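To start, the structure under review is shown below, and the notes come after it.
Only the coordinates and a few stated rules stand behind these numbers; no lab work does. Every value quoted in this text rests on a predicted model; they were computed, and no experiment measured them. Virtual Cβ from ideal backbone geometry, glycine too; neighbours counted across all protein chains shown.
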Amino acid sequence: MKEQLERIYTNAVADIEKVDSISLLEDVKGKYLSRKGEFNEIKKNLKNLSDEDKRIVGSLANDITSKLEKLVQEKYDSLYKTELNKKLQKERIDVTLPGKFVPKGKVHPLTSTTHEIVSILQGLGFSVVESKDSPEVETEYFNFDMLNIPKDHPARDVQDTFFTTLAPNVVLRSQTSGAQIHVMENKKPPIRVISPGRVYRNENINARKYNFFHQIEGLYVDKNITFGDLKGVLNEFIRIYFGASRPTRFRSSFFPFTEPSAEVDVQCIMCGGKGCRTCSGTGWLEILGAGMVDPNVLRGVGIDPEIYSGFAFGMGVERLAMLKYAIDDIRLFFNDDVRFLNQF
Ligand code: PHE
């Protein structure tokens, strides 16, 4: 039995020496030192020996076991060190390498233009409506009916409305003017609000027109509001936004919800008024529609047109940006081309 023990010991020492990883060392440890290991098998047989032999062999077995345990521990420590070093070497970080470049985002020119327009109009006393009064998915009631546009009126076709399949009469709004109705149904005059947002029209796309674009609606209702007030606000807006020297013109126009109505054109910056692709050869680009709120509209929302009057306007954000930054094609706003966006 003594020889048996010594043979196992020699083998174990050799095995421990050979292993070159912690997981192999665990295997070796199991083979010799676990409860099912070779030493325990021998210890089980001790009971068959004489008391004298039991003591000798027993203490030898214990000696050998603790020697092996020590060897395993030492081996473990050294393997652990090597493996750790290898890992550290592999995962070493070179702090002198240059960092990764993270490109910086930019504010989209339509966003910054909207902010600029809104802040000018705020300076003229207007405040922005809550978003619940300005939904993009709208009913015909707000987009047309209450704006004095009857069912069979050609204006419904003029704006090439997108109808939805959500429910009959649910449309993608073709104009922000529906916000006027939302506001006036909820609040009595004095009202002086603006409402920026996206509108949708089934247009043939070209340099000036897109399937959707952005408007800023304005509404001022109070006692004694006149067309002079309308002109005053719009002229002041244009002066601040474009500067005093930009040629502009006021034209009479027609909208079912305003009477009288007007449109404002700004001279095309691309051709200096000579006529080009962007302005379709006219030398001018329309930036807004406006007018005195039609008495029918006021009556519809329960405001007495004998007591109150008001004006409204709707500006095109893309047009205003194009005319300020000489952007000759509306499609550039929506291409997500960083070469374009980086210029702002
Ligand atoms: N909603 C009109 C349009 O989209 C513009 C407008 C707004 C005209 C308010 C008059 C008053 O063309």
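Report, in debye and to the nearest 20, how large the dipole of region 109-341 comes out about its Cα centre when Lys and Arg carry +1 and Asp and Glu carry -1 on their Cβ. Intermediate results must be reported in sequence, preceding the final value.
Details: 24 positive and 28 negative charges, 129 e Å.
Here region 109-341 has a charge dipole of around 620 debye.
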Item to check | Modelled label reach - residue 334, point 7 Å along Cα→Cβ, region 128-171 residues with backbone N closer than 17 Å | outcome: 136-137, 159-164
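Let me check I've understood the local charge: for residue 245, count other residues with C-beta under 14 angstrom from its C-beta, Lys and Arg +1, Asp and Glu -1. What total comes out?
+3
Output the pairs from 2/75; 106/188; 209/231; 188/231; 274/324 with a Cα-Cα distance over 29 Å in this structure; if there are none, say none.
Details: 2/75 26 Å; 106/188 40 Å; 209/231 26 Å; 188/231 24 Å; 274/324 17 Å.
Exceeds cut-off: 106/188.
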Checklist entry - Of all trypsin sites (Lys or Arg not before Pro) in region 277-333, which ones are in loop regions per DSSP and have a Cβ with at most 15 other Cβ atoms within 10 Å? => result 277
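Direction-averaged shadow area of the convex hull around the Cα atoms of the chain, nm²?
On the way: hull surface 136.1 nm².
Mean orientational projected area (the chain, Cα hull): 34.0 nm².
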Checklist outcome for this item: Two pseudo-spin positions, 7 Å from Cα along C-beta at residue 131 and at residue 253, lie apart in nanometres by 2.8
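So which GluC sites (Glu not before Pro) in region 271-344 end up in coil per DSSP with only 11 or fewer other C-beta atoms within 10 Å?
306
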Next on the checklist: Given a Förster distance of 51 Å, report the FRET efficiency between residue 40 and residue 341 from their Cβ-Cβ distance, rounded to the nearest 0.05.
Outcome noted: 0.10
Checklist entry - So if R0 is 35 Å, what FRET efficiency would residue 124 and residue 277 give, r being the distance between their Cβ atoms, rounded to the nearest 0.05? => result 0.55
Item to check | Extension gain (nm, one decimal) between residue 27 and residue 104, 0.36 nm per residue minus Cα-Cα | outcome: 22.3 nm
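Pairs 47/67; 36/70; 29/70: which are spaced more than 21 Å apart, C-alpha to C-alpha? Kindly include the intermediate steps, with their values, before the conclusion.
On the way: 47/67 23 Å; 36/70 19 Å; 29/70 11 Å.
Listed pairs above 21 Å: 47/67.
By how many nm would the segment from residue 239 to residue 304 grow when fully extended, if each residue of separation counts as 0.36 nm and the alpha-carbon distance is taken off?
Numbers: separation 65, 0.36 × 65 = 23.40 nm, distance 3.34 nm.
20.1 nm is the gain from fully extending residue 239 to residue 304.
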Next on the checklist: Run the reach check for residue 223 against aspartates and glutamates, Cα to Cα strictly under 13 Å, same-chain hits fewer than 8 apart removed. What comes back?
Outcome noted: 304, 306
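Are there chymotrypsin sites (Phe, Trp or Tyr not before Pro) in region 1-96 that DSSP marks as loop and that have at most 14 other Cβ atoms within 10 Å, and which are they? List each step's numbers first, then the result.
Values: sites: 9, 32, 39, 76, 80; in loops: none.
Counting only loop positions with at most 14 other Cβ atoms within 10 Å, none of the chymotrypsin sites (Phe, Trp or Tyr not before Pro) in region 1-96 qualifies.
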Item to check | Label-to-label distance, nm, for residues given as residue 83 and residue 188 (7 Å Cα→Cβ offset) | outcome: 8.2
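Using helices alone, I'd like the mean residue ellipticity at 222 nm for the chain: each DSSP H run of four-plus residues gives -39500 (n - 2.57), total over residue count, nearest 500.
On the way: 12 runs with 144 residues, N = 344.
Dividing the helical sum by the residues of the chain leaves -13000 deg cm²/dmol.
What does the extension gain come out to for residue 18 and residue 47, with contour length at 0.36 nm per residue minus their alpha carbon separation?
Details: separation 29, 0.36 × 29 = 10.44 nm, distance 3.38 nm.
Gain on extension, residue 18 to residue 47, equals 7.1 nm.
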Next on the checklist: Between 101, 250, 333, where does the largest GNM mean-square fluctuation fall for the chain, given springs only between Cα atoms within less than 10 Å?
Outcome noted: 101
Checklist entry - Can you list residues whose amide H is under 5 Å from residue 162's amide H, if they're 5+ apart or on another chain and H is modeled 1.01 Å from N? => result 172, 202
Checklist outcome for this item: Relative contact order of the chain (C-alpha contacts under 8 Å, at least 6 apart) in percent is 14
Checklist entry - With each pseudo-label sitting 7 Å past Cα toward Cβ, what's the residue 4-residue 169 distance in nm, one decimal? => result 9.9
